[in-house]
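J.: Could you have a look at this structure, given as structure tokens, before my questions?
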Amino acid sequence: MKKTITMAHGNGGVLTSEIINDVILKTINGNTLENMTDATIVDDKYGFTTDSFVIYPHFFNGGDIGKLSVCGTVNDLVMGGCIPKYLSLSIILEEGYEIEKLQRIVESVKTTCNYSNVKVVTGDTKVVDKGHGSGIYINTSGIGEKIENLNLGRDNIRAGDAVIITGDIGDHGVSILCEREKLLDGQLSSDCMPLVKLIPLIKKYAKYIKIMRDPTRGGVATTLNEFVENSEISITIQEEKLPINEKVAGACEIFGLDPLYSANEGKGIIVIDGTVASEFIEEVKNINEFKNAAIIGEINKEEHGKVLYKSRFGGRRILGKLTHDMLPRIC
Amino acid sequence: MKRNFIKVSGIVQGVGFRPYVYKIAVENNLKGWVNNTSEGVFMDIEGNVDDITTLVTSLQTSPPPLSKITAIQIEELALTGFDDFTIKISEDNKNKVTLISPDISTCEDCFHDISDPNNRRFEYPFTNCTNCGPRFSIIKNIPYDRCETTMNKFPMCPECNEEYKNPLDRRFHAQPNACDECGPHLWLESSKGEKIECDDPLEFTRKELLKGKIFAIKGLGGFHLCCNAYDKDALKTLRVRKNRPCKPFAIMVDDPTMLRQGYSITSAEEELIRCKERPIVIIEKKHGDDLFPLELAPNVNTCGVMMPYTPLHKLLFKCEITALVMTSANMTSLPLEYTNEGARENLSSIADYFLFHNRDIHTPIDDSIVRIVGDRFQTLRRARGYVPLPLKHEKMNSILALGPNMKNTFSFSKESNIFMSQYNGDLESYENIKLYQRNLEHFSKIYDFKPEVVVHDNHPTYYTTTFSNEFKVTKLSIQHHYAHIISCMAENNLLKKKVIGVAFDGTGYGDDGMVWGGEFFICDLNQCNRYAHFEYMDIQGGESAIKKPWKIAVAYLNQAFLKSNGALNEKQYENILSSITGNENDKKTLITLLNKNINTFSTSSIGRLFDCVSSLISVCNEATYEGQASIELEELLWNLPVKSDDSYNHVINEDNRTKRIEIAELICTISKDILNEVPKEIISLKFHNTIINIIVDICSSIRKEHNINDVCLSGGVFQNSYILENSINKLTSLSFIVHTHKDYPCNDGGISLGQLIYAWNKTKKERL
Ligand SMILES: [Fe+3]
Ligand SMILES: [Mg+2]
Ligand SMILES: [Zn+2]
Ligand SMILES: [Zn+2]
């Protein structure tokens, strides 16, 4: 491992796993963190999670840092199989930050909490010297109630299970890049959204659902890799089935980026028993927020621990995790 | 009287060695026996001293045509009194290396058999004998015996069996021996998988080919897609269906002399076309009338040609058929199809008909591609006809070199042999990775190979780098371009020397984490110093930019302008920028992304520099196949009957004791020529000459400082025959000794050899 932290240590890819495993988990060795889920079930009843938000710009098409900080924690709870109930809200402000902006951010927190049916019940505010932060950082933690009959984990995944995404892929990452670098003037929008409207369906299909995750940093490709790495199974996803917004696809084409590695902030990946997949996906698509949901692939035994991407023309390639440097391999 | 035990090693299996010995023994009244083991051919011989000498002499001077003897060991034994001379059956012995023959084109005798109406093999498409036919592609295991090949499902008829058992017959122990009675047969299917009933599938095929139909034909190492080379519409259809708009197709002709009408073929080239390996040979068009429609090879003035190498292919050339397109049958990014099921599944949208047969191909192998540049032989793709011939070396430990990611081959060492696999394609594709693994398993099995050392490329995300983790043995890795140069050194017996290494290609992971590709090294097997390199230029858009030369042109032009200090004024810059084909908004976005350093990488690649120039002068803006932009830039030179020495000035600066060849200034000068409406051909020529001058300059300054006179040219850029030939000529005229690749490709297909030699040298020392 490199001796100092680089930006790549925060991209949700290979280096992020390295600091989590080699530095943090090794030292803390708290066994509740060990199975690497974003939300952890405690006392068999409650889900508990935390998330920090350092996004810049603070206001962007489709949301702001306030909305994002609720979505992030709420979605970790929902994807961890819980009904979100209570949040903490910790804000770190930089000297000189406009109070008007803070006001708008907190209002956004409130609106999103209402939508998600969660309450902010505790909080904290700190101010750092000018130059020691980028205006505002937020941390939220959340507690939820575990959904009954739901048993989530990589070990449940079997060949024949279907892989579902609840909507278009890669919107957040690409739109934030455009926003930050002032590209394609505001055509794209973040997908930032709480996933709470999935809860009734998660309850209904509880015994068929194997694992869920919100594919944030590192994108869909990295999340799928985490499902199968070091296992005996593999995932094959098909290009023609991937729901991708036309504008996002266009932007990716121009930037030379792959939407499968771009972050999402309002999407869930759900692995569900293949026998109920088509029935389940229809119900998901009936919810307006998830009308672009799709079955994008399946679990199989083609390989050990790999994610395979089948192109329109029939050829396949191995879809790895996001790596520290996406250097070209091709002549 | 004397008794000798003689061991002959080399390629001695399946080449008619035992009947050859038998014949000489019988003629010379020798007694004893001969057999075939995986260690080689053994014989125990009793007879007159002179007669034994006759045998040994003929082993040395006129062995069977397909054999390659590497050693003859003779031991004297006590007389035992044999009654007769016999051929013993094969004995399995797995201690030593048996050399397997490549697949060899049909011999003249067999071609004669199939064209003689009185011969029982008249028009039989699977005719072969001990001097010809399939070998490597049908072998499942060794020793090479029928039961270990895909011919095991065809019991021989009494007549074939007679030939097989008769030591004086040309088909004695010819493992794939067969006839119409007992052997494999052909049949036809439509693209929908319906069997087509007809008396003569070959006649049907010929007729339909003449009508413009496209066939998938199962050959020796895999399927070809085939159509009449004169048929413009068929060529167009094939291009559309195969989604291959531009990449040239290879052709097959029965009579190469007919090509003289449209191509300039030297006698050396014709000899190469006719050689028993039957590779695809690249030849150049003459100026004047075109022999074939332009759709055969759009924007390219060369043609890849081969002759029929199986009876099946030979039998296609009848009636009016004289030239056929024969292109490897595969869908984009999928490997060569070689099973009937695979062909049905993946080729039904391309072919109108399938010409199938039921002799299974165990190991798929592509056609090899070779060429003559100046007076040097050059292999561009090493496969059928050449694999698995080994490169001889001193005795080595067992090393596995995993090869590069693109144009992959792997190599391994066993005893004193280095075996290089056939071309495995690009390991970006999962299907090619599976093929790679299968080929590796197959080679490991037939050569009983287990690696003690594994070596791979330095690139952190090459498949081979990840794959190396599956071996629990000593692991080494080597820089891509250094491996290129060592590969060239190995082919030219320079392993004890210090050389000037010129490695020019598209990409390779550099020691500084940048993408290299225009490198001058001073190196020997122990170390490699980067003496000079091309200036780093930024490219935006990762791998996708490589298919879009316009992006590279915009990127380089933008950087050249920013660095130019007024050499190019704003207006000139804008003019050139707008002359590059492409959407204006996309160009603007690209420049923003470049300036903000979003998804960019830096490279010293010459391949990319060619792409840039190619797009700057609007030759190729989008590449539909690898190397298209560079190839089409070189092809412009063909239009110039006289090629001058004109070139651009080049500037070399130095930082941290490494010389840097400036690109920005070169781009500015080229831009001015574009503005002055200098013809594309001239710009291309001046650019080519500049690259050659740079090679000569840097080599000269290395010689001055370090007194090294041997130059190794390696990397895919040396597939450019103008660069190759003129670099050789200029360097030679300055008394450099110039070494180039011959039997192994200068492109990434040759890298595994360099990796292996590097690992051998490193681990050899550690053991001392
Ligand atoms: Fe290379
Ligand atoms: Mg989170
Ligand atoms: Zn023959
Ligand atoms: Zn027969």
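The values are calculated or read from the model by the stated rules, or taken from the named source; none is laboratory data. Predicted, not measured: the structure shown is a model, and the values here were computed from it. Cβ: placed from backbone, ideal geometry, glycine included. Neighbour counts: every protein chain shown. The protein model used for the area step is the full one, side chains on, heavy atoms only, and it has no ligands, DNA or RNA in it. Shrake-Rupley method; radii C 1.70, N 1.55, O 1.52, S 1.80 Å.
J.: Just to confirm the number: angle between the C-alpha axis of helix B:549-563 and the first principal axis of chain B, 0 to 90 degrees, nearest 10?
T.: Here the helix axis deviates by roughly 40 degrees.
J.: Using 5 Å bins from zero, what percent of all Cα-Cα pairs in the range A:37-146 falls into each bin?
T.: Whole-percent P(r) values from 0 Å outward: 2, 13, 23, 23, 17, 11, 6, 3, 1.
J.: If you don't mind, there's one more thing I want to ask. Any chance you could run the full-extension gain for B:Asp109 through B:Leu734? It's 0.36 nm times the residue separation minus the Cα-Cα distance, nm to one decimal.
T.: Fully extending the segment from B:Asp109 to B:Leu734 adds 220.1 nm.
J.: With the cut-off at 29 Å, report for chain A the share of all Cα pairs above it, as a whole percent.
T.: 37 percent
J.: Residues of the range A:37-146: accessible area per residue at 1.4 Å, in Å²?
T.: Here the per-residue accessible area is 49 Å².
J.: Stokes-Einstein diffusion coefficient for the range B:176-248 at 4 °C in a medium of 1.567 mPa s, Rh from the Kirkwood formula over Cα pairs: what value in µm²/s?
T.: D, rounded to a whole number, is 92 µm²/s.
J.: Where in the range B:414-437 does accessible area fall by at least 40 Å² between the isolated chain and the complete protein assembly, at a 1.4 Å probe radius?
T.: For the range B:414-437, once contacts with the other chains are taken into account, B:Glu428, B:Tyr430, B:Glu431 lose 40 Å² or more.
J.: With a 10 Å radius around each residue's Cβ, average the other Cβ atoms per peptide and rank B:50-61, A:222-233, highest first.
T.: A:222-233, B:50-61
J.: Nearest 10 degrees, 0 to 90: what angle lies between the long axis of helix B:570-579 and the longest principal axis of chain B (Cα atoms)?
T.: 40 degrees
J.: Hey, if you put +1 on the Cβ of every Lys and Arg and -1 on every Asp and Glu Cβ in the range B:389-447, which of B:Phe410, B:Phe443, B:Gln422 ends up farthest toward the positive end of that dipole?
T.: B:Phe443
J.: What is the diffusion coefficient of the range B:533-691 in µm²/s, taking the Kirkwood radius over Cα pairs and the Stokes-Einstein relation at 10 °C with a viscosity of 1.306 mPa s?
T.: Using the Kirkwood radius from Cα pairs, D works out to 101 µm²/s.
J.: Report the one residue of B:Pro143, B:Pro308, B:Asn469 whose Cα lies farthest in the direction of the positive end of the charge dipole of chain B (charges on C-beta: Lys and Arg +1, Asp and Glu -1; origin at the Cα centre).
T.: B:Asn469
J.: Taking the simple approach of a point 7 Å from Cα along Cα-to-Cβ for both A:Asp129 and B:Met514, what is their distance in nm?
T.: 3.8 nm
J.: Also, I was wondering about something else. One-quarter of the Cα convex hull surface for the range A:229-331, in nm²?
T.: 8.4 nm²
J.: In what sequence, largest accessible area first, do B:Ser267, B:Ser700 appear using a 1.4 Å probe?
T.: B:Ser267, B:Ser700
J.: Residues of A:302-311, mean number of Cβ from any other protein chain within 10 Å of their own Cβ, rounded to a whole number?
T.: 1
J.: So if R0 is 60 Å, what FRET efficiency would B:Glu622 and B:Asn166 give, r being the distance between their Cβ atoms, rounded to the nearest 0.05?
T.: The computed FRET efficiency comes out at 0.45.
J.: Given the options A:Ala206, A:Ala39, A:Ala221, state which has the largest fluctuation in a GNM of chain A using a 10 Å cut-off (strictly under) for Cα springs.
T.: A:Ala206
J.: With +1 assigned to the C-beta of every Lys and Arg and -1 to the C-beta of every Asp and Glu, and no other charges, what is the dipole magnitude of the range B:533-691 about the Cα centre in debye, to the nearest 20?
T.: Dipole size: approximately 360 debye.
J.: Over chain B, what per residue volume does the convex hull of the Cα atoms give, in whole Å³?
T.: Expressed per residue, the convex hull around the Cα atoms of chain B is 174 Å³.
J.: At 7 Å along Cα-to-Cβ for each site, give me the label-to-label distance between B:Ile89 and B:Glu394 in nm.
T.: Going by the 7 Å Cα→Cβ label model, 4.3 nm.
J.: Please compute the Kirkwood hydrodynamic radius over the protein assembly as shown, one decimal place, Å, based on all pairs of different Cα atoms.
T.: Hydrodynamic radius (Kirkwood, Cα only) of the protein assembly as shown equals 32.7 Å.
J.: Next question, about the same structure. Accessible area drop of at least 50 Å² (1.4 Å probe, protein heavy atoms): which residues of the range A:246-269 qualify, relative to the chain alone?
T.: A:Ile254, A:Phe255
J.: Put a dot 7 Å past each Cα toward the Cβ at B:Lys472 and B:Asn119; how far apart are the dots in nm?
T.: 5.6 nm
J.: Right, another one. Per the 1.4 Å probe, what fraction of the accessible area of chain A, in percent, lies on carbon and sulfur atoms?
T.: On chain A, the fraction of accessible area on carbon and sulfur atoms equals 50 percent.
J.: Using just the Cα positions, wrap the range B:186-357 in a convex hull and report its mean projected area in square nanometres, one decimal place.
T.: For the range B:186-357, averaging the hull's shadow over all directions gives 9.4 nm².
J.: Assigning unit charges at the beta carbon (Lys, Arg +1; Asp, Glu -1) and nothing else, what dipole magnitude in debye, to the nearest 20, does the range A:172-331 show about its Cα centre?
T.: Rounded to the nearest 20 debye, it is 220 debye.
J.: What FRET efficiency would be calculated for the residue pair A:Asn288, A:Thr4, taking the C-beta separation as r and a Förster radius of 56 Å, to the nearest 0.05?
T.: 0.75
J.: A further question follows. If Rh is defined by the Kirkwood formula over all Cα pairs and Rg also comes from Cα, what ratio Rg/Rh do you get for the range B:1-127?
T.: Over the Cα atoms of the range B:1-127, Rg/Rh equals 1.04.
J.: Leaving out ligands and nucleic acids, and using a 1.4 Å probe, what accessible area per residue does chain B come to in Å²?
T.: 37 Å²
J.: Summing -39500 (n - 2.57) over the DSSP H runs of n ≥ 4 in chain B and dividing by its residue number, what mean residue ellipticity at 222 nm do you reach, to the nearest 500 deg cm²/dmol?
T.: -9500 deg cm²/dmol
J.: Follow-up. The range A:132-269: D in µm²/s via Stokes-Einstein (Kirkwood Rh, Cα pairs, 20 °C, 1.002 mPa s)?
T.: The calculation lands on 128 µm²/s.
J.: Shifting gears a bit: So what's the angle, to the nearest 10 degrees on a 0 to 90 scale, between helix B:480-491 and the longest Cα principal axis of chain B?
T.: With rounding to tens, the tilt is 40 degrees.
J.: Let me ask something else. What's the FRET efficiency of B:Asn583 with B:Leu675 using the Cβ-Cβ distance as r and R₀ = 30 Å, to the nearest 0.05?
T.: My answer for the efficiency is 0.85.
J.: Could I ask something else about it? Show me you know the interface measure: the accessible area buried between A and B, both chains summed, probe 1.4 Å, in Å² to the nearest 100.
T.: 3000 Å²
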